[in-house]
Amino acid sequence: MADLRSDFVGIKSPNPFWLASAPPTDKEYNVVRAFKAGWGGVVWKTLGEDPPIVNVAGPRYGAVHAGDRRLIGLNNSELITDRELQVNLEEIKRVKRDWPDRALVVSLMVPCEEPSWKAILKAVEDTDCDGVELNFGCPHGMSERGMGSAVGQVPEYIEMVARWCKASTRMPVIVKLTPNITDIRYPARAAHKGGADAVSLVNTINSITSVDLDNFAPEPSIDGKGSHGGYCGPAIKPIALSMVSEIARDKECAGLPISGIGGITTWRDAAEYMALGAGNVQVCTAAMTYGFKIVEEMKSGLSRYLDEKGMTLSDLTGRAVPNVTDWQYLNLNFVTKARIDQDLCIECGRCHIVCEDTSHQAITATKDGRRHFEVIDSQCVGCNLCVNVCPVEDCITMERITAATDPQSGAPATGYRNWTQHPNNPMAKLPEPAE
């Protein structure tokens, strides 16, 4: 079995799977159960100053389901811990004493004032935990009080608070970033400049998941009113993967460790985050949906994958980053066409319908008076929509053509030419004409 032991900014854990700061890490009882189930570490639910905040005493979650009732998105309006600071600190100290081999990081959020950060850092450091995570991402409740994403959306504040914290503690400092921003690189760069040891991302996305069309209030509703919350779960994974990759390939963030968060449910999800530059991953919604034991599948699956590839965790980390590029550098001479396996085709017609109605009219519906679905190369632009709507796995595939020109456009279909070199680009860098 592959060695899954992890060392993230000097914080060691038996595997790279941590529980994210959230309801599952709110108290000693939960965290101990998680460690018994096999999690490599936890980020304790965000601590704040006393007196503690007050959460609503009613519904806190809104959900988006797939057709088969699988939970694909969760909206959470719960705030940071509503338990007294000293109670949390005592529990953290006990857990770290009893589980010294597990990573225990504490999430923090206090007003944007240096004395507040210094005071809570000193108290947390006395628990002997492994590090702190600065919560600059929460998009609801706390942001209205000038904390959470209200800080995370201002790079200057991120850099300033990171500097305060690095000057006030011996512990590694991780900055948790909000996705509720136009360009994730700017807050990441600010954290890096402020001396942060790492960044974690993404926190939840600002959202309203649904509206009750009888009561006309956002759900979940409290006494007939609803509010925005933080969206998480499998639905946000594509957004989070993109943001992780942007930081991983940013020259100004070179060397900045990343903890990946967002919709991780399986070992494959975790492996994708790591391939795009994450040193470890944090999980929340999957545990809240399936329970703590889901980590066993994650560990066994990742270990098996690494063995099959002959790779280590460090080999996997960042492996895909060199293959992430800007659109302008994609090879415009790389031409593919859809191919329909007639033996697998169940003749449902979905490929024809979507191509006919919304794409390029490149799939037949009949042949010799009978239902028959076949790709017309002279019309197919290789968009692969048909692949994604086909209900039969591997029935439709994309194949690169071997012809010198594209039958659809007449453009070259060999060699390499990107948009910066294309004659249609007024700014194209064309080769100098021969003398």
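The values are calculated or read from the model by the stated rules, or taken from the named source; none is laboratory data. What you see is a predicted model; the values in this text were computed from it and never measured. Backbone-built Cβ (ideal geometry, glycine too); neighbour counts: all protein chains shown.
Here are the numbers for the structure shown:
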{"item": "Hey, residue 346 modelled with pLDDT of 95 or more, assigned to a loop (DSSP other than H, G, I, E, B) and either assigned by TED's automatic domain parsing to the domain that holds residue 275 or more than 30 Å from residue 250 (Cα to Cα) (or both) or not", "result": "yes"}
{"item": "Of all residues in the stretch 303-318 being surrounded by fewer than 16 Cβ atoms within 10 Å (Cβ to Cβ) and either part of a loop (DSSP other than H, G, I, E, B) or not assigned by TED's automatic domain parsing to the domain that holds residue 260 (or both), the one that is farthest from the chain's Cα centre (by Cα)", "result": "310"}
{"item": "Inter-residue pairs, beta-carbon under 8 Å, first within 22 Å of residue 410 (Cβ to Cβ) and in the stretch 380-400, second aromatic (Phe, Trp, Tyr), 6+ apart", "result": "400/334"}
{"item": "Subset of the stretch 211-252 [small (Gly, Ala, Ser) and under 17 Å from residue 60 (Cα atoms)]", "result": "217, 221, 224, 226, 227, 229, 230, 233"}
{"item": "Per-region count, the stretch 326-343, residues over 19 Å from residue 393 (Cβ atoms) and either of a type in the set (S, T, N, Q) or in a loop (DSSP other than H, G, I, E, B) (or both)", "result": "8"}
{"item": "Where residue 118 falls short, out of the listed (1) touching a residue at least 40 places away in the same chain (Cβ under 8 Å); (2) buried (at least 24 other Cβ atoms within 10 Å of the Cβ)", "result": "(2)"}
{"item": "Meets criteria (outside the structural domain of residue 246 (by TED's automatic domain parsing), surrounded by 12 or more Cβ atoms within 10 Å (Cβ to Cβ) and touching a Lys or Arg at 6+ places or on another chain (Cβ under 8 Å)) for residue 332", "result": "yes"}
{"item": "Residue among 300, 242, 259 that alone is part of a helix (DSSP H, G or I), assigned by TED's automatic domain parsing to the domain that holds residue 174, among the hydroxyl-bearing types (Ser, Thr, Tyr) and closer than 21 Å to residue 6 by Cβ", "result": "300"}
{"item": "The stretch 50-72, residues that are small (Gly, Ala, Ser), more than 17 Å from residue 225 (Cα to Cα) and surrounded by fewer than 10 Cβ atoms within 10 Å (Cβ to Cβ)", "result": "67"}
{"item": "Some residue of the stretch 136-144 being part of a strand (DSSP E or B), in contact with a helix residue (DSSP H, G or I) (Cβ under 9 Å, 6 or more places away or on another chain) and surrounded by 24 or more Cβ atoms within 10 Å (Cβ to Cβ)", "result": "no"}
{"item": "Restricting the stretch 158-192 to residues that are over 23 Å from the mean Cα position of the chain (by Cα) and outside any loop (DSSP other than H, G, I, E, B), the residue that is nearest to residue 235 (Cα to Cα)", "result": "161"}
{"item": "Selection count, the stretch 106-135, where residues are part of a helix (DSSP H, G or I) and either not assigned by TED's automatic domain parsing to the domain that holds residue 194 or not hydroxyl-bearing (Ser, Thr, Tyr) (or both)", "result": "11"}
{"item": "Cβ pairs under 9 Å, 6+ apart, first in the stretch 361-374 and closer than 16 Å to residue 395 by Cα, second of a type in the set (Asp, Glu) and in a loop (DSSP other than H, G, I, E, B)", "result": "363/374; 364/374; 372/347; 373/347"}
